[in-house]
Amino acid sequence: MSFRVELTKGAEKDLKKVPAHIKIKLLVWVDAVERIGIYEVRKSPGFHDEPLSGQRKGQRSIRLSKGYRAFYSLSKSGSMEIVSVEEVNKHEY
C-alpha cells in the first residue's frame, strides 16, 4: 500500500524555520514513503519511527536529527499527514 504524504499548513510553516539539512532529510523520508510505503520505510532504523502516547496519542514521530522530530498521523484510507516538524528535547514529546 502506497501513501500520499501531505503537509499541514503548520508543518509547512515549521519547515521554513528549520535548518536545510532537516528539511532535506524529511523530503528524503517523504519520497521513500511515497515510493515503497510506510511499512517498508519503518523497517529502516535510521528514522526511529515510533508511536506516541499522551497528548500525541494516535500520532507517530520520526527522528530527523538528535534534536528535530517530524510528527505525523495516518488514516485508514491511506492518507498521511505531516502534522509538525519541531525541535525537541527528550522530555517534551
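No value in this document is a laboratory result; all are computed from the given coordinates. Owing to the predicted nature of the structure, the values given are computational and were not obtained by experimental measurement. Cβ coordinates were reconstructed from backbone atoms using ideal geometry, including for glycine residues, and neighbour counts include every protein chain displayed.
Data table
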| quantity | calculated |
| --- | --- |
| Check on I82, of a type outside the set (K, R), more than 13 Å from A11 (Cα to Cα), surrounded by 12 or more Cβ atoms within 10 Å (Cβ to Cβ) and touching a residue at least 12 places away in the same chain (Cβ under 8 Å) | no |
| Top-ranked residue in segment 19-59 [being in contact with a Leu (Cβ under 8 Å, 6 or more places away or on another chain) and of a type in the set (V, I, T); ranked as nearest to K76 (Cα to Cα)] | I38 |
| Within segment 65-93, tally of residues that are in contact with a Lys or Arg (Cβ under 9 Å, 6 or more places away or on another chain) and assigned to a strand (DSSP E or B) | 14 |
| Selection count where residues are over 19 Å from E12 (Cβ atoms) and either of a type in the set (S, T, Y) or part of a helix (DSSP H, G or I) (or both), scope segment 34-64 | 14 |
| Condition check for G58: over 16 Å from E81 (Cβ atoms) and of a type in the set (G, A, S) | no |
| Residues that are more than 18 Å from K16 (Cβ to Cβ) and either among the small types (G, A, S) or surrounded by 13 or more Cβ atoms within 10 Å (Cβ to Cβ) (or both), drawn from segment 51-71 | L52, S53, G54, R56, G58, Q59, R60, S61, I62, R63 |
| Enumeration of residues in segment 1-33 that are under 12 Å from the mean Cα position of the chain (by Cα), part of a loop (DSSP other than H, G, I, E, B) and free of Cβ contacts under 8 Å to residues at least 24 places away in the same chain | none |
